[in-house]
């Protein structure tokens, strides 16, 4: 069954691949990005030629988000799925990131997700169905050095999605998470780096560790062609095509060895969550109430 879908951050990476994949499957896709008539015009034209509705949305701007959602509703009549894909990464020693650096990152990765969800959810609740897909990361389940603020932002997204899962289940709206590992995409071309280097000398040679770590990781990606970004797009499509009430809450996508240890961790948390909700008489909040054919 064809769905009407918004994907944020479609100028490259997972977003663009997901838009193309869903269009090929016959879905109606609103592909959002910033500056679709300027620096991202080539990407916008490519997706438009493939059949997408191009919508200019800056997830850091509430007016832009609200206007974009209304444009989509006017054009499509309803909104079945939101894929919160827009995001940015970081690289550097955590101490060197200023509070302003953190604010810039969270404004995209966390507050941007909340802006989009707040604009879309009244429509979904009104129609008694919907699906929120939050693109998180394996680094939303564990940390590795030099990605500190990014780790924190994705941990926040995980909690945000958990709460939406329980608070929206009775309205027929599903909230799920996709957790990719590291993939060779344009994501790595726009990493935020620290603004404050005043303490570089006190770190000694260790100040060079983030760059060395990143170079090694890029080498590992290059030597592992199985780590294909299309797998993430396919995982998102699978969630969309899975009947309401049957979707897993977390979907891990990784072929570099990080994903397999995370899966039992996720399973363990599910058991803990289920036990606590049962103890407080809230188990029904973990089950999606299917109010219409989705």
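Brief remarks follow.
- For the chain, share of DSSP beta bridges that run antiparallel, in % to the nearest 5: 0
- Between 76, 282, 124, the Gaussian network model of the chain with springs among Cα atoms under 10 angstrom shows the greatest mean-square fluctuation at 282.
- For the stretch 42-115, the spread of Cα coordinates along the three principal axes comes to 46, 24, 18 Å, biggest extent given first.
- Taking the chain as a Gaussian network of alpha-carbon nodes connected by springs under 10 Å, the highest mean-square fluctuation of the residues 13, 275, 259 belongs to 275.
- Cα Rg, Dmax (largest Cα-Cα span) when computed across the stretch 101-240, Å: 17.9, 58
- Extension gain, residue 191 back to residue 143 (0.36 nm per residue minus Cα-Cα distance, nm): 15.6 nm
- Helical runs assigned H by DSSP (4 residues or longer) give the chain a calculated mean residue ellipticity at 222 nm of -15000 deg cm²/dmol, each run adding -39500 (n - 2.57) before division by the residue total.
- Nearest 10 degrees, 0 to 90: helix 62-76 Cα axis against the chain principal axis: 40
- Using a Gaussian network model of the chain in which every pair of alpha carbons under 10 angstrom is joined by a spring, one finds that among 84, 66, 189 the greatest mean-square fluctuation is at 189.
- Folded to 0 to 90 degrees: helix 230-241 orientation relative to the chain principal axis, Cα: 20
- Helix 111-127 axis, angle to the chain major axis (alpha carbon atoms, nearest 10°): 10
- Scattering from the stretch 4-286 was approximated by placing one identical point on each alpha carbon and applying the Debye formula without solvent; log10 I(q)/I(0) at 0.11 1/Å stands at -0.65.
Since every read-out is calculated from the coordinates, none of them should be taken as a lab result. Here the structure is a predicted model, which is why all the values come from computation and not from measurement.
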